[in-house]
Amino acid sequence: MLSFDIRSLTEHAVTVDDVLSVDDPVWQDGDPKPAAPVQVTGRLSAAGPGRFYWHGSIDGVVALSCSRCLGDTKGLVSDEAHLIFAEAGTEGVEDDPDVFLLDDRSAELDLRPAVREQWLLNVPGYALCRDDCKGLCPTCGAELNLGSCAHADQS
């Protein structure tokens with residue numbers, strides 16, 4: 001469960017230990033999708049009137065394309081996060097880009113959008129299927145990992 005009752009958070013902190021599934025609606029078209037459920041752990045607690053603090057981690061595997069040969073590969077995504085959530089209207093948070101605003105009519109704090117954001121910020125920008133990937137021939141597009149092509153001697 002990655003949604004928590006705000007009223008209970010004001011009384012006591014909660015331990016977070018759950019997964020965010022691959023097909024969860026929080027993932028949007030164009031997002032680098034997880035190859036398996038994302039592990040989400042940590043502690044969520046009140047941090048003053050209308051404010052909440054989550055210290056935790058996300059760990060998962062992302063499906064990517066190799067930057068050289070465009071073949072399928074996977075990368076690790078791991079992050080330790082320290083996030084502040086605040087109810088809309090809480091003094092001093094409206095313009096702070098580091099604060100996740102909560103709808104003042106909601107009774108729940110949903111960690112999923114924040115987990116998605118941390119996921120996107122930590123997806124590797126350059127992935128290789130293997131360290132010695134030869135990539136594609138710039139002339140004919142042949143995958144050089146499978147063998148050389150007629151243009152192999154040309155540079």
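The values are calculated or read from the model by the stated rules, or taken from the named source; none is laboratory data. Keep in mind it's a predicted model, so treat the numbers as computed, not measured. Neighbour counts run over all protein chains shown; Cβ positions are idealised from the backbone, glycine included.
Annotations
- Residue check, residue 84 outside any loop (DSSP other than H, G, I, E, B), touching a residue at least 60 places away in the same chain (Cβ under 8 Å) and among the β-branched types (Val, Ile, Thr): no
- Checklist (1) at pLDDT below 90; (2) within 22 Å of residue 2 (Cβ to Cβ) applied to residue 91, failing item: (2)
- Extreme residue, modelled with the lowest pLDDT, among residues of region 1-21 that are of a type in the set (A, V, I, L, M, F, W, C) and under 20 Å from the mean Cα position of the chain (by Cα): 1
- Strands (runs of 3 or more DSSP E) (entirely within region 7-66) containing at least 1 residues that are closer than 18 Å to residue 125 by Cα and β-branched (Val, Ile, Thr): 51-65
- Selection status of residue 35, among the aliphatic types (A, V, I, L, M), closer than 30 Å to residue 145 by Cα, touching a strand residue (DSSP E or B) at 6+ places or on another chain (Cβ under 6 Å) and surrounded by fewer than 18 Cβ atoms within 10 Å (Cβ to Cβ): yes
- Against the numbered list (1) aromatic (Phe, Trp, Tyr); (2) within 30 Å of residue 135 (Cβ to Cβ); (3) over 13 Å from the mean Cα position of the chain (by Cα), residue 27 comes up short only at (3).
- Looking only at region 97-107, and only at residues there that are loosely packed, with under 14 Cβ neighbours inside 10 Å and not small (Gly, Ala, Ser), the one that is farthest from residue 46 (Cα to Cα): 97
- Unmet requirement for residue 44, which otherwise passes all of (1) touching a residue at least 24 places away in the same chain (Cβ under 8 Å); (2) surrounded by fewer than 17 Cβ atoms within 10 Å (Cβ to Cβ); (3) of a type outside the set (Gly, Ala, Ser): (2)
- Among the candidates 144, 83, residue that is modelled with pLDDT of 85 or more and within 28 Å of residue 45 (Cβ to Cβ): 83
- Within region 71-90, the set of residues being surrounded by 14 or more Cβ atoms within 10 Å (Cβ to Cβ) and either of a type in the set (Phe, Trp, Tyr) or in contact with a Leu (Cβ under 8 Å, 6 or more places away or on another chain) (or both) comprises 73, 74, 75, 79, 85, 86, 87.
- The one condition from (1) modelled with pLDDT of 90 or more; (2) of a type in the set (Val, Ile, Thr); (3) under 14 Å from residue 114 (Cα atoms) that residue 73 does not meet is (3).
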